[in-house]
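Reviewing the structure listed below.
Each reported figure results from applying straightforward, stated rules to the coordinates on display, with no laboratory input. What you see is a predicted model, and the numbers here were worked out from it, not measured in a lab. Cβ coordinates were reconstructed from backbone atoms using ideal geometry, including for glycine residues, and neighbour counts include every protein chain displayed.
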Amino acid sequence: MITDNKMEIVSIAASRKKGTRKTCMNEAELIADHGLSGDAHAGKWHRQVSFLASESIEDAKNRGLNVAFGDFAENIATTGIDWKNMPVGTKLKLGEKALVEITQIGKECKKKCAIYYQAGDCIMPREGIFAKVLEGGTIRCGDKIQIISSRVEVIYWKEDSTVTVNHNLVGEEPLSIRIQGKPYSVVMRTPGEEIPHVAGFCLGEGIVDTPEDFASLAFCDGTDTNVVTATLTADRKEIVSDLLERRGFISQTSCGLCGKELIEDLYQDIKPMTNDLTLDIRKADYCLNSLLDHQPLKEKTKASHAAAVYGKDYKLLGVSEDVGRHNALDKAIGKLFLDKKLSEASFVVLSSRVSFELVQKAARAKIAVVLAISRPTELAVKLAKELDMTIACHAKKGGLLIYSGEKRLKR
């Protein structure tokens, strides 16, 4: 689906009439349940705003068409996204606030419109994408586009039946937090409300006591919503100077990957799995459903996570509990690692959802199969597929939902 990590708006265009070329502008307002302000295609229907890849426009130019942005009547031209493979139902954040949901891929043209005769072809019916606006906001050329949730095909297994179903996966991306211009922490989060997120983070960490302690709080370069910089007043900086000197520390309040100074650090050099492990899907499902039997702390407190590591023969090699799901997995893997038995591990069972960093931890331990009670994030599935790993989760009505690596689960 994604061909580039840098997904951006490169052009915005609108027109007063349908079937004509649109006029480009540097910024515009997206209106909830309406579309692009001032555009003829806006209104209460499912095609409120249209998208087209700039790569498609460039390809049209290379084929000899004299076209530019807006000539195919697209509202927004983008870079870094293969729109043709973007599933209907995917939710995307545009810029700081706007939120859209993909409703249609391509369209049917019953007759050739003016655009066809003006440009010599019209690629919108083949490559255009349409969406409705869930939340309004100002968008600008250069704004980043982020996946909030994506719709994917999942294999649903239950007893003797296997069917393909569509599920929405929540988006997950790293947020780099900078204080006084220096890297302070990186947390994994669902894109959206980045400024309030960092404000709450700073309050929780003791960096600020009141909103007035911020001299400024903004995106690092105005367009990259994965990096937020907080600048303190001179008085507040002096009060928390000792805290600010602690760089690369483990956050006291945030769950996930912290203590990293650059987003690139999250993407470690992990090699794809090469083992030919296969598991009996019924036995794997039994291990997942019996996880609670190995959680005495949860039985007492109702407030802990667990990670259980199994061998190829479905023998429980070790289990750990912790208030943090990441800690539970670290402990379970760590015990086997110190006892030099990690090579015996074949799959891990988790009591939580599957996030990017949990897949990363399993991959580092060379554990190819992750079974979990809750569903994975979009980024977790993307990484698992790249590493040829298997992710399967408990289905509400029984059975397993298989998100990647189904070849390892024999049915």
Taking r as the C-beta separation of residue 163 and residue 17 and R0 as 45 Å, the FRET efficiency to the nearest 0.05 is 0.45
For the chain, the helices passing both cut-offs (Cα extent along own axis of 18 Å or more, Kyte-Doolittle mean at least -0.5, full DSSP H runs) are 325-338
Over its alpha-carbon atoms, the stretch 1-93 yields an Rg and a Dmax in Å of 13.2, 38
Sorting 392, 10, 156 by the position of each Cα along the dipole of the chain (Lys, Arg +1; Asp, Glu -1; all at Cβ), the one nearest the positive end of that ordering is 156
Two pseudo-spin positions, 7 Å from Cα along C-beta at residue 245 and at residue 313, lie apart in nanometres by 5.6 nm
Computed over the chain, the relative contact order (Cα-Cα under 8 Å, seq sep at least six) in percent reads 12 percent
The base-10 log of I(q)/I(0) that the Debye equation returns for the stretch 279-410 at q = 0.20, 0.21 Å⁻¹, one scatterer per C-alpha, is -1.16, -1.29
One quarter of the C-alpha convex hull surface, i.e. the mean projected area of the stretch 159-231 in nm², amounts to 7.3 nm²
The answer for chymotrypsin sites (Phe, Trp or Tyr not before Pro) in the stretch 45-89 that fall in a DSSP coil and have at most 15 neighbouring Cβ atoms within 10 Å is 45
Put in order of increasing Cβ neighbours within 10 Å, starting from the fewest, 325, 375 give 375, 325
Helix-only [θ] at 222 nm, the chain, -39500 (n - 2.57) per DSSP H run of 4+, per residue, nearest 500, equals -5500 deg cm²/dmol
Plugging the Cβ-Cβ distance of residue 216 and residue 182 into 1/(1 + (r/R0)^6) at R0 = 22 Å yields, to the nearest 0.05, a FRET efficiency of 0.90
Projected onto the charge dipole of the chain (unit charges on the beta-carbon of Lys, Arg, Asp and Glu, signs +1, +1, -1, -1), the Cα from 32, 292, 216 with the largest positive-side position is that of 292
With +1 on the Cβ of every Lys and Arg and -1 on the Cβ of every Asp and Glu, the dipole magnitude of the chain about its Cα centre, in debye rounded to the nearest 20, is 1520 debye
In debye to the nearest 20, the charge dipole size for the stretch 8-143, taken about the Cα centre with +1 at each Lys and Arg Cβ and -1 at each Asp and Glu Cβ, equals 680 debye
Looking only at aspartates and glutamates whose Cα falls under 16 Å of residue 396's and that sit 8 or more positions away or on another chain, we get 159, 285
At q = 0.09, 0.10, 0.13, 0.14 Å⁻¹, the log10 of I(q)/I(0) for the chain from a Debye sum over equal Cα scatterers comes to -0.67, -0.80, -1.13, -1.21
So for R0 = 30 Å, FRET eff. of residue 40-residue 62 from the Cβ-Cβ r, to 0.05, ends up at 0.55
From the cross-link list 22/132; 271/331; 6/93, the entries with a Cα-Cα span beyond 21 Å are 271/331
